[in-house]
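Report on one structure; see the data block that follows.
Derivation of every value follows stated rules applied to the coordinates shown; laboratory data play no part. None of the values given here were measured: they were computed from a predicted structure. Note that we place each Cβ from the backbone using ideal geometry, even for glycine, and neighbour counts take in every protein chain shown.
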Amino acid sequence: MSLNKIIKNALISLSDKTNLVEISKILSEKKINLFSTGGTAEVLKKNKIPVIEISNYTNFPEIMDGRLKTLHPKIMGGILGRKEKDYNIMKLHNLIPIDMVIVNFYPFEKIQSKKECSIEEVIDNIDIGGPTLVRAAAKNYKDVIVIVNLSDFKSVVKLIDNTISLEKRFDLATKAFKYTSLYEETIFKYFLKKNSDKEHYQNNSFPNEIQFNFIKKQDLRYGENQHQKSSFYIEKEILKSGTISSSRQLQGKNLSYNNISDADIALECVKEFSKPTCVIVKHGNPCGVAESNSLIKSYLSAYNADPISAFGGIIAFNFILDLQTTQEIIKKQFVEVIIAPEVDKMAEKILQNKQNIRLLVCGKIEKNKKGLDFKRITNGLLVQEYDFSQINIKNFSFVTNRLPTQKELEDAIFSWKVAKFVKSNAIVYSFNKTTIGIGAGQTSRIDATKLANLKVKDRNYHSTIGATMASDAFFPFRDGIDNAALCGISCIIQPGGSIRDKEVIKSANEHNISMIFTNKRHFKH
């Protein structure tokens, strides 16, 4: 359906004036009268483009430092007036029909993201007139063309001399409402955050209402299973570096749902360590973790910790991926994803011959220090603080007759960091800052211990004599300790807090095992 309506008058008011002169010249050449506000009109006059200042047309000045300038019956009536139905009333009150509205808003999102901005300055950049003009024009889309971005202006200009269809006008109105909606949402989220900060200060970090604003980054190959479709959405706000969400894929097939989930676990785990570290994740659990004085050594140790599980896994590093390490990965195993802060040019070049390997660069590693963690359930959402707790030895309790050696303490801390990322019930055996057996996701702690024992036994080149054991939660009975003693564990780190702690400590003393209570657990369901 087409509308044979001549465009005579356009209102143009742009906060971002990048394309103002270009747009206005085109409209002026087509004999379209331009109405504009003070700042925009000033630019047009300097460029000798004819313009009617709104304050002159309404015979009402801009007041309150420009806060009030477009909200006037002669402007709003000119936009909202239906040319057939409201013709007589518009003529009675000398309202000029406005056929086109071209507006963009004050840069609220840009201003509020500046750290040095005061709340007063941010609030001053909440546009009132702009959204009102756009919404009014979009509401009256049959009579008014509304444009909020340059690309749409270019497509409309080509049609001005002919006809602009109702379908096109409706499409522009839809984009306009989306534009105002996103603008209002940004403002709402700013106020919500300020209110949440206030609530957090009052020891309540959970607001009464949670709003999400994510944008699609990419469609994925499939979901957890191939019959499930999936997409990857990321937070709209500026992303921190060192995350999967902010990473760039340099090569490889499209990512799947499971690739991203496992890569996130691997990267968050590797962030816990300051020396060159490798984390290999398979099906949501670390299967090999090692910290060393070089990346190649950390990879080889992590891989050898459980080479069977490492097959088809996700590998994360906290240092730049070098050529030597890359060559070893290619030689040793099939890998789905490699992620690192940076990739050496030679390493990147050699990986180009392995296009099935997805290579991600995440940028500078930054540990999470605050934030909320979410888990979706049917018709609901579970919300908790992110588990960003830091290790503080001063909070540890050394509860056995024998204190851990310095080496045991270092391995215990290493094991404890890894256990944070292993699904409950979780048991982690480590030796020389390398995992040698991980029991993950078991329904009892004794089963998790047996699974860790089995992992070590299957890898007969590992010895557990003098190894460290970490448990993500307390031991409810002494049997877990007795089983650990059978394979030579010499130090155990666990939260403590069981009603049978005395019995558990007694078992450790009987086996000459040193035991540390962290007084904090790391359940991961």
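Computed from the mean reciprocal separation of all distinct C-alpha pairs, what Kirkwood hydrodynamic radius does segment 314-429 have, in Å?
Working: mean 1/r = 0.0556 Å⁻¹.
With all distinct Cα pairs of segment 314-429 included, I get 18.0 Å.
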* Structure fact -> To the nearest 0.05, the calculated FRET efficiency linking GLU167 and LYS229 through their beta-carbon distance, R0 being 35 Å, is 0.75
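Express as a percent, rounded to the nearest 5, the fraction of DSSP beta bridges in the chain (both residues included) that run antiparallel. Don't jump to the answer; show the numbers that get you there.
Working: 36 of 66 bridges.
Antiparallel: roughly 55 percent of the beta bridges in the chain.
For segment 393-517, what is the relative contact order in percent, using Cα pairs closer than 8 Å and at least 6 residues apart in sequence? Write down the numbers at each step before the final one.
Values: 274 pairs, mean separation 36.8, N = 125.
In percent, rounded to a whole number, it is 29.
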* Calculate the radius of gyration of the Cα atoms of segment 253-384 to one decimal place, then report Dmax, the largest Cα-Cα distance, as a whole number, both in Å. => 15.0, 49
* **the chain: angle of helix 20-29 to the longest principal axis, Cα-based, in degrees nearest 10** => 30 degrees
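Multiply the residue gap between LYS367 and HIS93 by 0.36 nm, knock off their C-alpha separation, and tell me the result in nm, one decimal place.
Difference between extended and current length: 92.3 nm.
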* **Ranked list, fewest to most other Cβ atoms within 10 Å of each Cβ, for TYR299, TYR222** => TYR222, TYR299
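If you place +1 on the Cβ of every Lys and Arg and -1 on the Cβ of every Asp and Glu, how big does the dipole about the Cα centre of segment 264-343 come out, in debye to the nearest 20?
About 200 debye.
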* Asked: For the chain, how big is Rg over Rh, using alpha carbon atoms and the Kirkwood form of Rh?
  -> 1.15
* Structure fact -> Whole-Å distance linking the alpha carbon centroid of segment 125-149 with that of segment 62-104 is 11 Å
* To do: Evaluate the distance, in nm, between pseudo-label points positioned 7 Å from the Cα of MET64 and of LYS31 along their respective Cα→Cβ axes.
  => 4.0 nm
* Angle, helix 166-201 long axis vs. longest principal axis of the chain, Cα atoms, 0 to 90°, nearest 10? -> 50 degrees
* Stretched out fully, how many nm does the piece from ILE465 to LYS46 gain, at 0.36 nm a residue minus the Cα gap? -> 142.5 nm
* Asked: Which value does Rg/Rh take for segment 393-517 over its C-alpha atoms, Rh per Kirkwood?
  -> 0.92
* Structure fact -> When ASP458, ASP482 are ranked with the fewest other C-beta atoms within 10 Å first, the list becomes ASP458, ASP482
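Between PHE206 and ASN353, how high is the FRET efficiency from 1/(1 + (r/R0)^6) when r is the Cβ-Cβ distance and R₀ = 45 Å? Nearest 0.05. Can you show the working numbers first?
Working: r = 50 Å, r/R0 = 1.11.
Once the sixth-power term is evaluated, E becomes 0.35.
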* Amide hydrogen neighbours beyond the local backbone of GLY242, cut-off 5 Å, H modeled -> GLY363, LYS364
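Taking the number of other C-beta atoms within 10 Å as the exposure measure, put TYR386, TYR303 in order starting with the fewest. Display every interim value, and only then the final one.
Values: TYR386 13, TYR303 24.
Placing the least packed residue first, the sequence is TYR386, TYR303.
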* With N denoting the number of residues in segment 9-189, provide Rg(C-alpha) divided by 2.2 N^0.38 Å, to two decimal places. => 1.02
* **Nearest 10 degrees, 0 to 90: helix 129-139 Cα axis against the chain principal axis** => 80 degrees
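Quickly estimate the mean residue ellipticity at 222 nm for the chain, helices only: each DSSP H run with n ≥ 4 gives -39500 (n - 2.57), and the total goes over all residues, rounded to 500.
Helix-only estimate at 222 nm: -11500 deg cm²/dmol.
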* **Note, ³J(HN,Hα) from phi for segment 518-523, Karplus 6.51, -1.76, 1.60, rounded to Hz, x at Gly and Pro** => 8, 6, 7, 10, 9, 4
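I need to check one value: relative contact order of the chain, counting alpha carbon pairs closer than 8 Å and at least 6 residues apart, in percent. Don't jump to the answer; show the numbers that get you there.
On the way: 1014 pairs, mean separation 43.7, N = 525.
Relative contact order here is 8 percent.
Estimate the FRET efficiency between LEU382 and MET346 by the formula 1/(1 + (r/R0)^6), using the beta-carbon distance for r and 41 Å for R0, to the nearest 0.05. Working shown, then result.
Numbers: r = 45 Å, r/R0 = 1.11.
With R0 = 41 Å, the Cβ-Cβ based efficiency is 0.35.
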* Asked: Normalised by the residues of segment 9-189, what does the relative contact order come to in percent, with Cα pairs under 8 Å and at least six apart?
  -> 21 percent
* Asked: Which translational diffusion coefficient, to the nearest whole µm²/s, is obtained for segment 279-332 from the Stokes-Einstein equation, given a Kirkwood hydrodynamic radius over C-alpha pairs, 37 °C and 0.692 mPa s?
  -> 300 µm²/s
* **Above-threshold pairs, the threshold being 29 Å between Cα atoms, out of LYS31/LYS168; LYS332/LYS433; LYS8/LYS236; LYS375/LYS457; LYS229/LYS423** => LYS8/LYS236; LYS375/LYS457
